[in-house]
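In what follows, a single structure is set out as structure tokens and then discussed.
Bear in mind these aren't lab numbers, they're just calculated from the coordinates by the rules spelled out. It should be emphasised that the depicted structure is a prediction, and the values quoted were computed from it without experimental measurement. Because the Cβ atoms are built from the backbone with ideal geometry, glycine has one as well, and the counts that use them run over all protein chains shown.
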Amino acid sequence: MSSERVGRCGVKILLIWMLTLPLSAGGPPAAAQETQTRSSLAKLRDSLRTISDTSLLKIQLKQLRKSSPFQAGWVALRLGELGADADFSEARSSFRRAARSNGLRAPAWYGTGLAEAARAREEMRDVLRLGSRVGLGSLERAAEHYRRALDADPRFTPAAIELADVALSLLDTARIRLTQNALRRSIAALGPTPAELLLAWGQVERAAGSLEAAAIAFERYLSTDGNRALGLLELARSRLASGAAGGEAAYYEGAASDDPEAVAGYRADLAIIAADSNLGEFDRLQGRSRAAFLHRFWTDRDHLELRREGERLREHYRRLAYARRHFPLTVSRRFYGSLDAYRSGSTELDDRGIIYVRQGAPTVRLRPFIFGAMPNESWRYERADGDLLFHFSSGYDENGGGDLYDYRLVQSVLDLRGAADAPRDQLILSRQSLSPIYSRMLNWGRFGSANEQARERNIGIESIQVGTTTDNNELRFKHRLGAVADLIAVGHRSGQSLAHFVFGIAARGTAWRSGPNGVDYPVRVRLVALDRHDRAVATLDTSLVVHVRQPLSKKQFVVGRAELQLPPGRWTYRAALQQGDSAGVVLPRDTVLVAHTSQSILSLSDIALGTRGRAVPWVTEASDTVLLAPSGLFRERSEIQIYYEAGGVHPGRYQHEIAVLRPQERRDKGHRPLVSAAFEEVATGPTIRSRRTVRLERLKQGSYVVEVRLTGPDGQSQLRRRVIQLIGR
């Protein structure tokens, strides 16, 4: 069919529609009439989309411009979509005249909003337009026109749906609240609510922070014939963010669907923290396999962070909801300078939002005012494995591009936008509560200040690297316990290798309760051993009661032990100690090596060290009592008990060599030990259990290495080393 015939067909449809469109002389139309109007508008738009001949449309527009501005607006809107009216000025003016001159106010304001939204899209596509907020003014006007349409007729659902879409894209919290109120009025005015409007309503309620109302909207949506997988995801987002029951079940049920729109939503939520390798695996999976992958992804993080299953998933959606409300990126374009420290590529969240979703709420957040500097913030995260320090700056200067509505990471407080124009002492003093390094930057003289300035920048660089490539949900406690601990892999239980988590908690600040024949100190121990992919090999979450005869003094320690069965291998581990709900400590990561057990290969366990009165006793399978110290700290002139086990032993003589050396020294490299002992032992079974006492009375305070070497009759040998620290008595 020729384009001319298509055009004439479209014009004919348009004329028929003009004759049959129900008009209202004023006030909101009846429900049946309003439904008929919406249907007629939809048919008209579908018909106009089949017409691509601009000359025929221009002829029709000329005929309708004065006699029927409302119909002229729709023809002009199609001309704008075809590029014949790039700024959609004809459509906007026609719809405005129609809104003022006839009774179809809601459809006319709706059409005006469509024209403004179309204009915004064209502006955003124009690369020659400068600025970071290109097109947003038109979108804001579009939202206002949709709201006017709903003021004229709250039941006009096309305007309600478009209003929600524009408000969600603008990310303006004030406009979200206005949209929330408008949609609530529309829902109340309607009887049966279209599924599409229920979905939009729920999304707006969640964006406004009304998570319970959002869940109600999505539950109603799920009762319609809408997209079930998408509805489950939206319901899960709301319930998980609020911590309400049922969120996880909805999340994993929806994840098992292969609906493209739902899958894209799951991926978008995951992409903000997942590595490329995780996303690649997600993309390769389908159905239940995808749901199983997501369950493993979140559960691995729960284990890593010593939390109950499901906590990390709920925290992720709580963070997403918070970040979208408090750190939205209300610009349409981001321009980066050569000195910008980080480029997220996000079109939804500024850099504060990226860090918040990955790392959670900061321990300390500063938002100082400094004359001459652009608005800025600094965040500090206290973590067991090292604190993180972030600086965010809005605005722009010669160091990098930006916007007042776009907070970006900078490496140093001296890189804040406008820092060159701000008083340097005020800039540094404003961060003194974050770290002592800022006092040193200000007061340590020319060379000391320069060194500290370089150190502060390196901390910023490292923090950005870690903060933007990892995610964290570390346990936090209101009161920090002072504690030391060690994981010692020695011994067996029921044929399985044992690791002993031995801890000492400073008695000062601990809680105790009276018990039979003394005092009880309750302690909760959480421990996880991890492989190289940070997946749990073994976990422990138990409560212990340490019993002593009387309350400990402030200088004493509450010491205890918990057992964990571990397979052979080298593992990293994380641990936390807790008293009650508010006191605790997360310990830094460490590693443990569990010896491989084999009948043919000689193996050597960890070296267990301890002194009487300062260690935890453990009874071995052979009924020997071994002392296990919670750390490598020992007093000067101590007598240290050394215990280790060897497996893969055969009948014959075994040579034991125990040595104490300075750090970085090794006996096999020719270094002479400070303390040494050597003896032979005839093996009488498959396991050698050796316990010896070493006196360190000649050694001064400092660091040392305890080295044990065991050599068999066939020349096989195994070596283990343990670092200790001697402190004053």
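Please rank Met124, Met374, fewest neighbouring Cβ atoms within 10 Å first, as an exposure proxy.
The fewest-first ordering by Cβ neighbours comes to Met124, Met374.
For segment 227-324, compute Rg over Rh where Rg is the Cα radius of gyration and Rh is the Kirkwood radius from the inverse mean 1/r over Cα pairs. List each step's numbers first, then the result.
Numbers: Rg = 12.4 Å, Rh = 13.3 Å.
On the Cα set of segment 227-324, Rg over Rh gives 0.93.
Non-local amide H neighbours of Ala507 (under 5 Å, H modeled in plane, Pro and chain starts lacking H): which ones?
The answer is Gln556, Phe557, Val558.
Could you go through segment 54-61 in sequence order and give the Karplus-derived ³J(HN,Hα) for each residue, using 6.51 cos²θ - 1.76 cosθ + 1.60 with θ = phi - 60°, rounded to whole Hz, and x for Gly and Pro?
Once θ is set to phi - 60°, the couplings for segment 54-61 become 5, 5, 5, 5, 5, 4, 5, 4 Hz.
Can you give me the angle between helix 173-189 and the longest principal axis of the chain, using Cα atoms only, in degrees from 0 to 90, rounded to the nearest 10?
In the chain, helix 173-189 runs at an angle near 60 degrees to the longest axis.
Given R₀ = 30 Å, FRET efficiency for Thr224-Arg121 by Cβ-Cβ distance, to 0.05?
About 0.55, to the nearest 0.05.
Would you work out which of Ser543, Ser497, Asn517 lies farthest towards the positive end of the dipole of segment 479-593, given +1 charges on the beta-carbon of Lys and Arg and -1 on that of Asp and Glu, about the Cα centre?
Checking the options against the dipole of segment 479-593, the answer is Asn517.
Provide the gained length on full extension for the span Arg308 to Asp581, in nm with one decimal, where the gain is 0.36 nm per separating residue minus the Cα-Cα distance.
96.8 nm
How many angstrom separate the Cα center of segment 604-673 from the Cα center of segment 709-723?
13 Å
Using only DSSP helix segments of four residues or longer, with each worth -39500 (n - 2.57), what per-residue ellipticity at 222 nm results for the chain after dividing by its residue count and rounding to 500? Spell out each step's value before the answer.
On the way: 21 runs with 292 residues, N = 729.
For the chain, the value works out to -13000 deg cm²/dmol.
Dividing the alpha-carbon Rg of segment 351-467 by 2.2 N^0.38 Å yields what? Please list the in-between numbers first.
Working: Rg = 13.5 Å, N = 117, 2.2 N^0.38 = 13.4 Å.
Dividing the Cα radius of gyration by 2.2 N^0.38 Å gives 1.00.
In sequence order, what are the phi-derived ³J(HN,Hα) couplings for segment 564-573 according to the Karplus relation 6.51 cos²θ - 1.76 cosθ + 1.60 with θ = phi - 60°, rounded to whole Hz, with x for glycine and proline?
The phi angles translate into 9, 7, 10, x, x, x, 9, 10, 8, 8 Hz.
Testing the spin-label approximation: label points 7 Å from Cα along Cα→Cβ at Ser449 and Arg667. State their distance in nm.
5.5 nm
Using a 7 Å offset from the Cα along the Cα-to-Cβ direction at both Arg720 and Asp151, what is the distance between the two label points in nm, to one decimal?
Simple spin-label model gives 7.9 nm for this pair.
Using only the alpha carbons of the chain, what is the convex hull's orientation-averaged projected area in square nanometres? Write out the running numbers ahead of the final one.
Details: hull surface 174.6 nm².
Dividing the Cα hull surface by four gives the mean projection, 43.6 nm².
What are the residues whose amide H is under 5 Å from the amide H of Val519, where those residues sit 5 or more places off or on another chain and H is modelled from the backbone?
Val548, Arg549, Gln550
Going by average Cβ neighbours within 10 Å, how do the peptides 43-50, 550-557 rank, with the highest at the top?
43-50, 550-557
Name the shape class, rounded, prolate or oblate, that the alpha-carbon gyration tensor gives for segment 135-219, where a ≥ b ≥ c are the square roots of its eigenvalues, rounded holds for a/c under 1.5, and otherwise prolate holds if a/b is larger than b/c and oblate otherwise.
Details: a/c = 1.98, a/b = 1.20, b/c = 1.65.
Verdict is oblate for segment 135-219.
Quick one: go through segment 602-622 and flag any residue whose amide nitrogen is under 15 Å from the point 7 Å out along the Cα-to-Cβ line of Glu681.
602-609, 620-622
When a/c reaches 1.5 or more, the comparison of a/b and b/c decides; with that in mind, is segment 174-254 rounded, prolate or oblate per its Cα gyration tensor? Write out the running numbers ahead of the final one.
Details: a/c = 2.38, a/b = 1.31, b/c = 1.82.
Oblate.
Among 89-98, 300-309, how do they line up by average Cβ neighbours within 10 Å per residue, starting with the highest?
Ranked by mean Cβ neighbours within 10 Å, highest first: 89-98, 300-309.
Taking other Cβ within 10 Å of each residue's Cβ, how do Val682, Val705, Val519 sort, fewest first?
If I rank by nearby Cβ atoms, fewest first, I get Val682, Val519, Val705.
If packing is taken as the average number of other Cβ atoms within 10 Å across a peptide's residues, how do 435-445, 227-237, 163-173 rank, most packed first? List each step's numbers first, then the result.
Details: 435-445: 16.1, 227-237: 23.7, 163-173: 21.9.
Descending mean neighbour count gives 227-237, 163-173, 435-445.
For a footprinting-style exposure proxy, rank His326, His656 by other Cβ within 10 Å, fewest first. Spell out each step's value before the answer.
Numbers: His326 13, His656 18.
Listed from fewest to most nearby Cβ atoms, that is His326, His656.
Using a Förster radius of 45 Å, what is the FRET efficiency between Gln465 and Arg288 based on their Cβ-Cβ separation? Nearest 0.05, please.
0.80
Need one number: nm distance between label points at Gln556 and Ser277, each 7 Å from Cα along Cα→Cβ, rounded to one decimal.
So the two model labels end up 4.9 nm from each other.
Efficiency by 1/(1 + (r/R0)^6): what FRET value for Leu442 and Arg476, r their Cβ-Cβ distance, R0 = 30 Å, to the nearest 0.05?
In this case the efficiency is close to 0.50.
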